[in-house]
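J.: Attaching a single structure in structure tokens format; questions to follow.
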Amino acid sequence: MHSRITIMQRYLKDDVPTQIGGIAANLARVGSFSRNLKNREVVFGLLDESKYFVEWCAPNAEVDQAARLVELQIQLALWQFDWDALWPNSEARQKMAEMSLKWSDEVLELSGLLNTDQA
């Protein structure tokens, strides 16, 4: 529990775009690490951490950002709920990896960090 509090305090020091970018990075890791069956616990931990990141970030995000992040959080929870069947199934794991990478791209775009039109 202490570790989670430390992580939360560190996470909340960043601005919202950076927080959302962190979620996108976690999702990219899920996509990448899911290729190796030995990464079961690492990927599960990334899903769990990402759910917390959404919980901590969403209250300070714009309404449209928060709504999309909550949809993501539901998807993460569904993957975890079915984890024992999902992870050993290479087809299901591959689908989760692909969806995670798509989510990563969308969330990164949502963060605004890619916006080069800033003055």
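The values are calculated or read from the model by the stated rules, or taken from the named source; none is laboratory data. Note that this is a predicted model, so its numbers are computed, not measured. Virtual Cβ from ideal backbone geometry, glycine too; neighbours counted across all protein chains shown.
J.: Which residue pairs have Cβ atoms closer than 7 Å, lie 6 or more positions apart in sequence or on different chains, and pair a first residue in the range 96-115 that is free of Cβ contacts under 8 Å to residues at least 24 places away in the same chain with a second residue that is surrounded by 13 or more Cβ atoms within 10 Å (Cβ to Cβ) and part of a helix (DSSP H, G or I)?
T.: Within 7 Å, the pairs are L114/L108.
J.: If you check A92, A24, which single one turns out to be free of Cβ contacts under 8 Å to residues at least 12 places away in the same chain and surrounded by 14 or more Cβ atoms within 10 Å (Cβ to Cβ)?
T.: Working: A24 fails: free of Cβ contacts under 8 Å to residues at least 12 places away in the same chain.
When all the criteria are applied, what remains is A92.
J.: Mind listing just one residue for me: the one in the range 58-69 that is without any contact (Cβ under 8 Å) to a residue 40 or more places away in the chain and touching a helix residue (DSSP H, G or I) at 6+ places or on another chain (Cβ under 7 Å) and, of those, surrounded by the most Cβ atoms within 10 Å (Cβ to Cβ)?
T.: Among residues in the range 58-69 that are without any contact (Cβ under 8 Å) to a residue 40 or more places away in the chain and touching a helix residue (DSSP H, G or I) at 6+ places or on another chain (Cβ under 7 Å), the one surrounded by the most Cβ atoms within 10 Å (Cβ to Cβ) is A58.
J.: Applying the selection to the range 94-116, what residues are closer than 15 Å to I20 by Cα and not in a helix (DSSP H, G or I)?
T.: G112, L113, L114, N115
J.: Only one of L37, L76, L46, L12 is among the aliphatic types (A, V, I, L, M), touching a residue at least 24 places away in the same chain (Cβ under 8 Å) and crowded, with 17+ Cβ neighbours inside 10 Å. Can you tell me which?
T.: L76
J.: Please tell me if E55 is surrounded by 12 or more Cβ atoms within 10 Å (Cβ to Cβ) and not hydrophobic (A, V, I, L, M, F, W, C).
T.: yes
J.: Against the conditions (1) closer than 26 Å to G112 by Cα; (2) at pLDDT 95 or above, where does Q9 fall short? Just the number, please.
T.: (2)
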